[in-house]
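Below: one structure, written as structure tokens.
The values are calculated or read from the model by the stated rules, or taken from the named source; none is laboratory data. Everything numeric here is computed off the predicted structure, so don't read it as measured data. All Cβ positions, glycine included, derive from the backbone under ideal geometry; neighbour counts span all protein chains shown.
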Amino acid sequence: MISRSEDYVEYCRETARNLRDVQDLALRGKDKQAVTRRIQEKILQALDLQADDDLLDIGCGDGTLLRLAQERGVRRAAGLLATEEEAVIVRGLGLQARQGLSDKLPVADESVSVIICNAVLLVVPREKVPASLREIYRVAKPGARIFIGEIPLQPGPRPEPEFATVRETLAYIYRQHGLRAWAGMLRRILYWKLTRQPMVIRGGSTVAFYAQPAELVAMAEAAGLRFVRSWPHDDWPANRYNYLFRKPR
């Protein structure tokens, strides 16, 4: 039987281990390079990045934002990723990156002046989001600017179904996703069989956390952050909101 897992950390680890293009770490789908760069440039514009800033990108993906920050002359730019496998790849690009999760940031107290947490909290279990916001508050310097982005307003689509046999799984993938996805899954199945590994399809798009703006702002303020503004995310995917906060001085 082929089972399905929505464990996001393991999905990231599998993505890194089977990487063909470093931009796949951004998890943006088709035309990922252009989409990623466009979104990251908007984030840096919203934060008004300065040369004396110490920046932390929680969930830095393929490192695009870190590189853009370096090009703007920021004093320090470091990123965190869910797995060490991803961090090794990003460090290989000449960028600062290490493993760390949002609810346990491996960062010193009051050490960063700009924090980005974009398209990250949506995959964090709801019960861990308050701890993640408290960690952001802890590591932020007084007066720090904090961008929290792409928070869905509503839950995403339901996870795809499991099937008892390989044949049923392949038939479903062909009907729903086409020949290319079918061929890719067939290669994975053959690899699993040859290596005698468990047959597990790992999903990385399931929304674990979503909130209306008033709820997210209330949660952030409970963690000590001061709300500045919010606005609709105007890029792919839709129906998400971006937020700007500050840590009070």
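When the residues of segment 22-48 are narrowed to those that are in a loop (DSSP other than H, G, I, E, B) and within 25 Å of LEU170 (Cβ to Cβ), which ends up modelled with the lowest pLDDT?
Filtering segment 22-48 down to residues in a loop (DSSP other than H, G, I, E, B) leaves 27-31, 48.
Next cut, within 25 Å of LEU170 (Cβ to Cβ) only: 27, 29-30.
Values: LEU27: 68, GLY29: 56, LYS30: 51.
Top of the filtered list is LYS30.
For segment 89-105, what are the residues that are within 23 Å of LEU19 (Cβ to Cβ) and touching a residue at least 24 places away in the same chain (Cβ under 8 Å)?
Initial filter on segment 89-105 (within 23 Å of LEU19 (Cβ to Cβ)): 89-102.
Across segment 89-105, the qualifying residues are ILE89, VAL90, LEU93, LEU95, GLN96, ALA97, GLY100, LEU101, SER102.
Determine, yes or no, whether GLY184 is more than 18 Å from the chain's Cα centre (by Cα), modelled with pLDDT of 90 or more and farther than 30 Å from LEU55 by Cα. Lay out the reasoning, then the answer.
Details: more than 18 Å from the chain's Cα centre (by Cα): yes; modelled with pLDDT of 90 or more: no; farther than 30 Å from LEU55 by Cα: yes.
Criteria not met by GLY184.
How many residues does segment 183-206 hold that are in contact (Cβ under 8 Å) with a residue 24 or more places away in the chain and over 20 Å from ASP24 (Cβ atoms)? Reasoning before the result, please.
Filtering segment 183-206 down to residues in contact (Cβ under 8 Å) with a residue 24 or more places away in the chain leaves 189, 198-206.
Imposing the further condition that a residue be over 20 Å from ASP24 (Cβ atoms) reduces the set to 189, 198-199.
So the answer is 3.
Does LEU66 satisfy the condition of being farther than 30 Å from THR165 by Cα, touching a helix residue (DSSP H, G or I) at 6+ places or on another chain (Cβ under 7 Å) and in a helix (DSSP H, G or I)? If you could, list the steps in order and put the result at the bottom.
Numbers: farther than 30 Å from THR165 by Cα: yes; touching a helix residue (DSSP H, G or I) at 6+ places or on another chain (Cβ under 7 Å): no; in a helix (DSSP H, G or I): yes.
No; evaluated as a whole, the condition is false for this residue.
Looking only at segment 227-249, filter to residues that are basic (Lys, Arg) and loosely packed, with under 14 Cβ neighbours inside 10 Å; which one of those is farthest from VAL35 (Cα to Cα)? Write out each step before concluding.
As a first pass, look at segment 227-249 and keep what is basic (Lys, Arg): 229, 240, 246-247, 249.
After this cut, where a residue has to be loosely packed, with under 14 Cβ neighbours inside 10 Å as well, the list is 229, 249.
Values: ARG229: 23, ARG249: 35 Å.
The residue in question is ARG249.
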